[in-house]
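Since the structure comes first, as structure tokens, the remarks are kept for the end.
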């Protein structure tokens, strides 16, 4: 569902601000430190239950204030969602959906999806395997309720098995009692691996199609295991690693150890990619994320672009804008896009404003 309006109070460096968004393109511009990214952060918070910039939600509260509020109105074909979040310094944060308390982030995820492209997302290509797993797990969870349920169940069983391993190591439980935990773990691990493999296969098809449309000579690959182990194989592997697992107090195999690699010309981009190559690979990942979510849910997410054209030359910028222009609904409507920039001239040169019927611009000042 697109977002109609946003109201924030004591949020980051904003004392009070209301923004009304276009169904098409909204440009938020101003110098660094004017709070442009905070607008995107608030939309993401209301859509996903947390910021894309910080794990400490108290960081969202303006200095010297006790709490911050963000409230958004999202509109669909027949109804509206009003989502409100309150971040407190001394008590837990609270969310409300249409006036009713939200008890779990899972109740928000997938309801009003967003895709964000910002410098904070660059660890997807530059960072550890954890960063890439989180990127794909988030995308698949937004798109499929069964995936997020299986992922949550796996994390719970993994936590329980690790606790059991510590109990065995400390002598509070016999090693033979690990069988029941191994059985539960291998069962849910098989399910998660199979689901991840299935979703990744579809994502790769979409990603490669966008790469080909951008540049047929561009060689970027997503590398993942060819085969996923079944329950019996997982149980055998758990037996092989049991002594090590008990010694370390943690499970050494499973979906939580996956590394989904991004290759640029057959080399791991994490180790060999330039700044421009990392940025381009990430932009193409994000456009593909948009298309994947649309494919699975029949609805495009909101696209949040934070300083899109930094580290991209004009030629690459125009190609990216062309790909973004291809993302339209069945009725020909453009994807709702909210973009920040320090320089409106960069937006104009890129061609992003061309063929846009509904454009709103906001200039923020420090």
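Overview of results
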| read-out | value |
| --- | --- |
| Residue that is modelled with pLDDT under 95 and part of a strand (DSSP E or B), where the choices are 9, 26, 54 | 26 |
| Single match in 242, 225 (criterion: surrounded by 13 or more Cβ atoms within 10 Å (Cβ to Cβ), at pLDDT below 95 and within 30 Å of residue 177 (Cβ to Cβ)) | 242 |
| Single condition residue 271 does not satisfy, out of (1) at pLDDT 95 or above; (2) surrounded by fewer than 17 Cβ atoms within 10 Å (Cβ to Cβ); (3) assigned to a helix (DSSP H, G or I) | (1) |
| Selected residue (only one of 182, 146, 137 is farther than 30 Å from residue 294 by Cα and in a helix (DSSP H, G or I)) | 182 |
| Selected residue [under 30 Å from residue 149 (Cα atoms), surrounded by fewer than 17 Cβ atoms within 10 Å (Cβ to Cβ) and in the same structural domain as residue 307 (by TED's automatic domain parsing)] from 106, 53 | 106 |
| Qualifying residues in the range 59-72 (those that are over 21 Å from the mean Cα position of the chain (by Cα) and in a strand (DSSP E or B)) - the one farthest from residue 137 (Cα to Cα) | 67 |
| Tally of residues being surrounded by fewer than 17 Cβ atoms within 10 Å (Cβ to Cβ) and under 25 Å from residue 24 (Cα atoms) across the range 76-96 | 6 |
| Residues being under 23 Å from residue 170 (Cα atoms) and surrounded by 14 or more Cβ atoms within 10 Å (Cβ to Cβ) - total across the range 245-268 | 8 |
| Failed item in (1) in contact (Cβ under 8 Å) with a residue 24 or more places away in the chain; (2) surrounded by fewer than 17 Cβ atoms within 10 Å (Cβ to Cβ); (3) in a helix (DSSP H, G or I), with residue 124 passing the rest | (2) |
| Filter result for residue 104 (over 20 Å from residue 302 (Cβ atoms) and within 21 Å of the chain's Cα centre (by Cα)) | yes |
| Residue among 295, 279 that is surrounded by fewer than 15 Cβ atoms within 10 Å (Cβ to Cβ), under 23 Å from the mean Cα position of the chain (by Cα) and in a helix (DSSP H, G or I) | 295 |
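The values are calculated or read from the model by the stated rules, or taken from the named source; none is laboratory data. None of the values given here were measured: they were computed from a predicted structure. Because the Cβ atoms are built from the backbone with ideal geometry, glycine has one as well, and the counts that use them run over all protein chains shown.
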